[in-house]
Structure formats: C-alpha cells, structure tokens
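Asks: Structure provided below as structure tokens; questions to follow.
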Amino acid sequence: MSFVAIIIAVLWVCCSVATTALTALYLHRVRPLRQPEPEGRALLIVPVRGPAPRLPAVLEALLRQDWPELRIVVAVESEADPAHALAAAVAERDPRVTLVVAGEAEGRGQKVHNLLAALPHLRLADRFVIFFDADAIAPPRFLRALLRPLLYRVADLASGYRIVVPEPGSVGALLVALADHGVSTFPRMRAIGVLSGGSTAIRAEILPGFDLPRLWDGALSDDLTLTREARRLGVAIHGVHAALLPSPMALSVPEAIRFGVRQMRLLRLHLPRLWTAFGVFSLLPVAGSALALAGSSAAATGSTS
C-alpha cells in the first residue's frame, strides 16, 4: 500500500470516528421538550417561480397546520408566471393567503427578490416569520416542531431541512439524495449551524436587526447569506431534526450535476470554511473506495500473472 493510500485511509477513519463522537455528544446533550401550545401569530412567506404543480397541495398542507393564527404570503414574479393562477385560486378560497407580484429581479436572485417583496406584509401582531420553499409538503405538526425552539426561547432563529425523495426512475435525483442524506441526518450543532431556505423561522422582533433589504441586495442565496449574517451578529442557529421535510425530486444525471455544482459554488462563496470541510468529508470516502478498488484490481492481476 502506498504512502498516499495510508494517509487517505487514516484520514477516512479519523473523520468517521469524529462524526460518531459528534453524534454521541449531540445525543447526550439533547433534552426532551414537551410539545408547546401554539402561541402567537405566524407569517409564512412562500416564494415561487415557474411551473409549480404541487403548489396548491403545498399551501393546503400549510393551512392545515396545527397553528390557529397563521397567514401565508405567496410571492411570484409576474401575473404571467404559471404559479400565479395556482396561488390565486387558493387565495380566493382562503383569506389567510395573500398573493404578491414581485416583478422581475434586477441585480439579485428572483427568489430573494420575491422574499423582499413579501416582507412589507409583516404586521406588528406577527410574532414569527417563516420562509418556506414551495417544493415540499409539510406534515401536520411541522410548524409546531419548527417553532418550538423559538417558543421556549432556546433560540431566535431555527431551521429545518429537506429530505430529498427521488421520483421513480430518476437516477439524477437518487444521486442528489445519496449526497444530501448525510447532511440532513447530521447532528444539528449550533457551532456549525446552517440555515435552510426551505424552512427557516425567525422571531419577528429581531428581524429588523438583519436589515434584509441591505443584506439581500445583490444576493443569489437567501439562506447562506442569512447564515453568514447570523454568525456575524452572534445569533445562534437552532437546527430542528423534527422539522425534516420530504421533498420529491426528479432530475436527470446532467441536471443533478449542475444542481450539485451550483450548491457547492454558493457554499464556497458564502461559507468557504464549511465548503472545505464538506469537501473533505465527501471526497475521503470516494478516494478511499477508489484506492481500495485499485488495490484489489492490482492484487487480482498479480495473482493471475
């Protein structure tokens, strides 16, 4: 075995031991909390663009949450957006849903632009603000789980995470799920907390301190930019394992590669240290497996010669 192979094997084992130790420490420090009673008005902001056939089901699932005081603001790019008609139909049936037309984004991502267009609908009576993506169906008690750290004042900022569910026959989505599940099931430690734009909750009273119009001016990513600002302000991020969201996905292999490249570029731009750590943890098993296969092949060749 070459020196390089030995180094990679040692690093791989060290990473595995460290991951196991972190998981054990996390489980040791977890303290069970009773399910809180809903208290306070929640504003859910759902940015959406383009074809979104699941949007009505997404909104209906949010409206059925076990939370008596909630409002939903759906922000779309334009009236010509296919999502506009779908959201308008739900808004006509339920007054808790408001539809906002944000207009075309200039100098920043359309999702970020839609979120900013919805923020003026925040009212003084709103206690919590939740940013929610339009590609996941929330389980009935999802909102309670996500807001539990805020209700108990364990944190002012909380985030769930998605679980990628590949559509049947979608090889690309299967590859994304294999890479993503390791992240989604990792212990949510505050020192390495990262927000997920798919489900982020923030206490409304601290929202002005983030100055989102300034923070998101020119931004492409809402969650990573918000994560970086939270760290700068010293606001702890509480990851909520009970707030995992099944997210159906159908991608071809080229689409999956482009998706992964985009995510890693954004991570490198906003959180370079985490990008480095993620790269090491991701590439070590691949490199170790490749070296093991190469060694096995060489051994087999040598035994037959």
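Asks: What are the ³J(HN,Hα) couplings of region 126-137, residue after residue, when phi is run through the Karplus curve with 6.51, -1.76, 1.60 and θ = phi - 60°? Round to Hz, x for glycine and proline.
Replies: Ordered by residue, 3J(HN,Hα) equals 6, 9, 10, 10, 10, 9, 9, 6, 8, 10, 9, 9 Hz.
Asks: What number comes out for accessible area per residue over region 39-118 if the probe is 1.4 Å? Units Å², please. Spell out each step's value before the answer.
Replies: Numbers: 3410 Å² over 80 residues.
Result: 43 Å² of accessible area for each residue.
Asks: Quick one: Cα convex hull volume of region 84-134, Å³ per residue? Kindly include the intermediate steps, with their values, before the conclusion.
Replies: Working: hull volume 4.9 nm³, N = 51.
Convex hull volume per residue, Cα atoms: 97 Å³.
Asks: Here's a follow-up. What FRET efficiency, computed as 1/(1 + (r/R0)^6) with R0 = 22 Å and r the Cβ-Cβ distance, is obtained for THR98 and ALA57, rounded to the nearest 0.05?
Replies: Working: r = 19 Å, r/R0 = 0.85.
For R0 = 22 Å, the calculated efficiency reads 0.75.
Asks: Scan around ILE45 for amide H atoms under 5 Å from its own, H built in the peptide plane at 1.01 Å from N, and keep only partners 5 or more places away or cross-chain.
Replies: Amide H neighbours of ILE45, under 5 Å, 5+ apart: VAL73, ILE130, PHE131, PHE132.
Asks: Counting heavy atoms of the protein chains only and a 1.4 Å probe, report the per residue accessible area for region 191-271 as a whole number of Å².
Replies: On the way: 3820 Å² over 81 residues.
Accessible area per residue, region 191-271: 47 Å².
Asks: List the residues whose amide H sits under 5 Å from the amide H of ILE163, counting only those 5 or more places along or on another chain, with H placed 1.01 Å from N in the peptide plane.
Replies: Amide H to amide H, under 5 Å and 5 or more residues apart or across chains, ILE163 pairs with LEU245, SER247.
Asks: When the gyration tensor of region 51-158 is built from Cα positions, what are the square roots of 5 times its three eigenvalues, in whole Å, from largest to smallest? Please list the in-between numbers first.
Replies: On the way: eigenvalues 112, 59, 32 Å².
After scaling each eigenvalue by five and taking roots: 24, 17, 13 Å.
Asks: Quick one: what Rg and Dmax do you get for region 47-111 from the alpha carbons, in Å?
Replies: 12.1, 38
The values are calculated or read from the model by the stated rules, or taken from the named source; none is laboratory data. Note that the structure is a prediction, hence the values are computed from the model and not measured. Cβ atoms come from the backbone with ideal geometry, glycine included; neighbour counts cover every protein chain shown. Surface areas here come from the heavy atoms of the whole protein model, side chains and all, with no ligands, DNA or RNA. Shrake-Rupley method; radii C 1.70, N 1.55, O 1.52, S 1.80 Å.
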